[in-house]
Every structure is written in C-alpha cells, then in structure tokens.
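K.L.:
Quick one: the structure is below, and I'll ask about it shortly.
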Amino acid sequence: MNNFLNSQYLHKHQSILNHNKKRLTQEQVKRLEISFDSTKKLEPEQKLQLAKELGVPPRQIAIWYQNRRARWKNQSLELDYNALQLKLDTTLAEKKQIEKENELLKVELKKVNEMLIAIKQAQIQNELTQGSSSFQEDVSCSWVNINNNNINNNNYNGSESNLPLDEFYACMKDMYDVY
C-alpha cells in the first residue's frame, strides 16, 4: 500500500514538473532570439516580462538564456579558432616559401662564391704569367678586389659592394669570355 501511495505522489509531481517544462514553440523561440540578440544578459525584470508575454515560467526563460549564451560562446570560440587556424596555415605557407627561397639563395650564393674564388685564382695566375700587368686592367669589374678573407670564409654579405646582381653576372660572363 505504501508503494502505491509513493507511486501516486511521484506521478502527480512529475506531471506538474513536466507541465511546467513544455517545449517552446517556434514563435516563442523567435521572440527569445530577438531578445537575446539585443541583450545577452537577462535582467530579472526582462525575464518576468518575457515569461508573461510567452506564457512560460520565468525559470524556463532563464534556462533558455543560459543555454543560448553557452551556445553563443561556443560559436564565438569556434569562429576565433577558425580565424586563428587560417592565420596559422597562412603563416606556415609563408614560412615554407621563405625557407624555399632561402635555400635557392644559398645555392646561388655558393655559386657566386665559387665564381669569385675562380676569379681570384685566375687573377693570381694572370699576374704570375703576365708579370706587371694587372687583372683589373683586363676586366672592368669594380668588385674584383673584394676582401679575399670574406670570400674564402663565406662571410661575404654583400655590404662591401652595392653592385646589383645582374651587373655582377654580366661582368662574370665577360670574365669567362676573356679566358
């Protein structure tokens, strides 16, 4: 008998709880969304006014607002994450491109250093074979006298000369045409 009374009591209270927690209609949700768009934080007066307008308990309005705020924050975090991910992807692509360009420049610098060493060796050979005549008189390139230590130690950074690379290569071509 006691079980029967308990089940009757539970059934009565569950139906009251279920009655208070009705699902919101589309119109009610639209009205709450409009209210949420204007104010993310629900004030007590606004909660009571919305509850009265929509015919739902104030607690249900408060819970809806709380859930909607949580969804809004998650959406905001997701948008921020996507924006950061896009920036990261762009930065990584730029880094990869810069590394690729850096490798190409290293290869080019190595070739230039090898050419400069060959020029210095040719200059020495020319001075030995021709005696007093100077290699610079044969070739009119202003960068021939770059500090030999910088070239041999691979410390040449281009600051000793303002000669554009195209002029350097043109001069190098002329040098090889002479020999």
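The values are calculated or read from the model by the stated rules, or taken from the named source; none is laboratory data. Treat the numbers as computed from the prediction; the structure is a model and nothing was measured. Please note: Cβ atoms are built from the backbone with ideal geometry, for glycine as well, and neighbour counts cover all protein chains shown.
K.L.:
Within the set of pairs 6+ apart or on separate chains, which have a first residue in the stretch 36-59 that is farther than 22 Å from Arg71 by Cα and free of Cβ contacts under 8 Å to residues at least 24 places away in the same chain, a second that is among the hydrophobic types (A, V, I, L, M, F, W, C) and surrounded by 16 or more Cβ atoms within 10 Å (Cβ to Cβ), and C-beta atoms under 9 Å apart?
P.N.:
Leu48/Ile61
K.L.:
Take the residues in the stretch 12-33 that are at pLDDT 90 or above and assigned to a loop (DSSP other than H, G, I, E, B), then tell me which one is surrounded by the fewest Cβ atoms within 10 Å (Cβ to Cβ).
P.N.:
Restricting attention to the stretch 12-33, the residues satisfying the condition of being at pLDDT 90 or above are 23-33.
From what is left, the residues that are assigned to a loop (DSSP other than H, G, I, E, B) are 23-25.
Details: Arg23: 8, Leu24: 15, Thr25: 12.
Across the stretch 12-33, the extreme among qualifying residues is Arg23.
K.L.:
Here's something else I'd like to know. Checking the conditions here, which among Tyr65, Tyr81 is under 15 Å from Leu24 (Cα atoms) and either assigned to a helix (DSSP H, G or I) or at pLDDT 95 or above (or both)?
P.N.:
Details: Tyr81 fails: under 15 Å from Leu24 (Cα atoms).
After applying the criteria, what remains is Tyr65.
K.L.:
Let me ask another. Exactly one of (1) modelled with pLDDT under 95; (2) surrounded by 10 or more Cβ atoms within 10 Å (Cβ to Cβ); (3) among the basic types (Lys, Arg) is unmet by Lys41. Its number?
P.N.:
Result: Lys41 fails condition (2) only.
K.L.:
What tally of residues in the stretch 34-58 results from selecting those that are part of a helix (DSSP H, G or I) and in contact with a helix residue (DSSP H, G or I) (Cβ under 8 Å, 6 or more places away or on another chain)? Give the steps one after another, and end with the answer.
P.N.:
Keep residues of the stretch 34-58 that are part of a helix (DSSP H, G or I), which gives 34-38, 44-54, 58.
Checking the rest, the ones that are also in contact with a helix residue (DSSP H, G or I) (Cβ under 8 Å, 6 or more places away or on another chain) come to 35-36, 46-48, 50-51, 53-54, 58.
Adding up the residues that qualify gives 10.
K.L.:
Looking at this structure, is Ala70 among the hydrophobic types (A, V, I, L, M, F, W, C), closer than 17 Å to Ile34 by Cα, out of contact with any helix residue (DSSP H, G or I) (no Cβ under 9 Å at 6 or more places or on another chain) and in a helix (DSSP H, G or I)?
P.N.:
Details: among the hydrophobic types (A, V, I, L, M, F, W, C): yes; closer than 17 Å to Ile34 by Cα: yes; out of contact with any helix residue (DSSP H, G or I) (no Cβ under 9 Å at 6 or more places or on another chain): yes; in a helix (DSSP H, G or I): yes.
It is true that Ala70 is among the hydrophobic types (A, V, I, L, M, F, W, C), closer than 17 Å to Ile34 by Cα, out of contact with any helix residue (DSSP H, G or I) (no Cβ under 9 Å at 6 or more places or on another chain) and in a helix (DSSP H, G or I).
K.L.:
Might you let me know whether the stretch 98-120 holds any residue that is at pLDDT 95 or above and not in a helix (DSSP H, G or I)?
P.N.:
no
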